[in-house]
Amino acid sequence: MQHLHDILISVATLEVKGNTSIDVNGLFIDSRKVTAGSLFIAVKGTAVDGHAFIEKAIELGAIVIVCEVLPTELKDGVTYIKVKDCTKAVGQLANAYYHEPSKKMKVVGITGTNGKTTTATLLYQLFEALGYKCGLISTVQNYIHDITEASTHTTPDAIAVHSLLSRMADAGCTHVFMEVSSHAVHQRRIEGIHFEGGIFTNITHDHLDYHKTFDEYIRVKKQFFDDLPVSAFALTNADDKRGMVMLQNTKATKYTYSLKSPTYIKGKVLENNLTGLVMMVDNIEAHFRMIGTFNAYNLLAVYGAAILLGEDKMQVLSILSNLHGAPGRFETYMSPIDKVLGIIDYAHTPDALINVLATIEQLRTSGQQIITVVGCGGDRDKTKRPIMGQVASEHSDKAIFTSDNPRSEDPEEILNEMEAGLSGAQRRKTLRITDRKEAIKTACILAQPDDIVLIAGKGHETYQEIKGIKHHFDDREVLTETFKTLNK
């Protein structure tokens, strides 16, 4: 419970109707969850406008309403706060309600199209191994030190994220590493968070179903760095052609990392094989368990952030050399008899899929086939579907197109769009099997001893979303069960 006057301090109010010398016992943006004595913020969302639910919120016990347009009829005993932007106000109110939790810890945000989850997870694992209590906010799962919480979004809504940060601070966490999605920046879910630093991994075409244009997607990603305080660090991938664009207008101190050119954090890949990476990092040779050039970039970002947070470089490299990264990211399984290598990866953008397939191409030996199982999510950017199909077919010996999370769409239509960009030669080495379990089984049947089966798109996910229902489905489980059933 907090005093209303205290939590309004950082909010630019346009008009106040009613008493502000009252206590509120909760903040809500979903009218269905409102409880007695709480505050309801009428956010204009992408699908619904919270102003339409003010009456319902009051009926359920809300005693404070924050809105952009005052209702025509004001209820007795209810305080109304008019603001210019409710979306922005949510984070400001939540930050004050939970006593500015981010200022009690060092919070580092990671943004980019690919690599966010791995980078955030590695940072969490590294700093826990260094002896700190840490928090993790990611696509896969959230951690409050050693306690796991389910993750529902890459970045939770502003109230949920400040509540989570508050519990992390109460648990004694000193560092928090969080993924920052473009949706979160645009919808101001990170409003009110004090960041110690920000990391940019890379940017490729994604989420155009939401942002509409690639330029808008870039602008939103850049906004995260524009808003960093002067006390923060901003660490960017100098090898990404938009890496320096991200830092153009930031007030934070700028730092770079690269595998190709002299930068603050310089790395070079010496060896890249199935046993891991050997790299030069700041003129120190280091061995890592992780595989692929894309992971070399992730490791450089993690190392750079750790140094900027004041850690010893030798200790950091020593610990990083034994870490495995995030679940469902280039996760490997070997069949016991035929030694078929199964790889589970979350790659769901053309660039991510190219990176994974390019890594497999570098690692495979003469005669090894690459068989790729891949689909595209429904209700998401349709423009990438034919490109995903082309990438999978072009860079694999065989490709099997299958269902991913079709959501409200017809999976057959999604597969039609994936096939639309294929050449005649690509079509001849492509199969179409809508049932994902059957597609994985077929890939395993086609695999000869020592071949490689890549199952892309879902990674860590343990469900398949069809017509609004999430059915249990785990690529890792299906792959290992199939190996066993087929005596592979």
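A few notes on this one:
- Net charge in the neighbourhood of Asp85 (other residues with Cβ under 12 Å of its Cβ; Lys, Arg +1, Asp, Glu -1) is +3.
- Orientation-averaged projected area, Cα convex hull of the range 405-488 (nm²): 6.2 nm²
- With viscosity 0.890 mPa s and temperature 25 °C, the Kirkwood radius over alpha carbon pairs of the range 106-165 converts through Stokes-Einstein to a diffusion coefficient of 207 µm²/s.
- The chain, dipole about Cα centre (Lys/Arg Cβ +1, Asp/Glu Cβ -1), debye to the nearest 20: 600 debye
- Alpha-carbon spread of the chain, three principal axes, descending order, Å: 77, 52, 39
- Three-way shape label, the range 1-91, alpha-carbon gyration tensor, a/c 1.5: rounded
- When the alpha carbon coordinates of the range 166-264 are projected onto the principal axes, the ranges are 40, 37, 21 Å, largest first.
- Lys/Arg +1, Asp/Glu -1 at C-beta; the chain dipole; positive extreme among Ala286, Val356, Tyr98: Ala286
- Dipole of the chain, positive direction: furthest Cα of Thr213, Leu486, Thr462, with charges on the beta-carbon: Thr213
- Shown for the range 389-428 is the translational diffusion coefficient from the Stokes-Einstein equation, using the Kirkwood radius over Cα pairs, a temperature of 20 °C and a viscosity of 1.002 mPa s: 200 µm²/s.
- Average Cα contact separation per residue, the range 445-488, under 8 Å, 6 or more apart, as relative contact order %: 28 percent
- Surface/4 estimate of mean projected area, convex hull on alpha-carbon atoms of the range 134-195, nm²: 3.7 nm²
- Convex hull of Cα atoms in the range 266-368, direction-averaged projection (nm²): 7.5 nm²
- Scattering from the range 329-454 was approximated by placing one identical point on each alpha carbon and applying the Debye formula without solvent; log10 I(q)/I(0) at 0.13 1/Å stands at -0.47.
- Antiparallel DSSP beta bridges within the chain, percent to nearest 5: 40 percent
- Of Tyr463, Tyr217, the residue with the largest accessible area leads and the full order is Tyr463, Tyr217 (1.4 Å probe).
- When the trypsin sites (Lys or Arg not before Pro) in the range 230-311 are filtered for DSSP coil states and for at most 10 other beta-carbon atoms within 10 Å of their beta-carbon, the remaining sites are Lys241, Lys260.
- Long-range HN-HN contacts of Leu323 with modeled amide H, under 5 Å: Arg289
- Each part gets one Cα centre, and for the range 390-408 versus the range 214-289 those centres are 30 Å apart.
- Global size of the range 1-154 as Cα Rg and Dmax, reported in angstrom: 18.3, 57
The values are calculated or read from the model by the stated rules, or taken from the named source; none is laboratory data. Everything numeric here is computed off the predicted structure, so don't read it as measured data. FYI the Cβ positions are ideal-geometry reconstructions off the backbone, even for glycines, and counts take in every protein chain you see. Side chains are part of the model used for accessible areas, which takes the heavy atoms of the whole protein and leaves out ligands, DNA and RNA. Shrake-Rupley method; radii C 1.70, N 1.55, O 1.52, S 1.80 Å.
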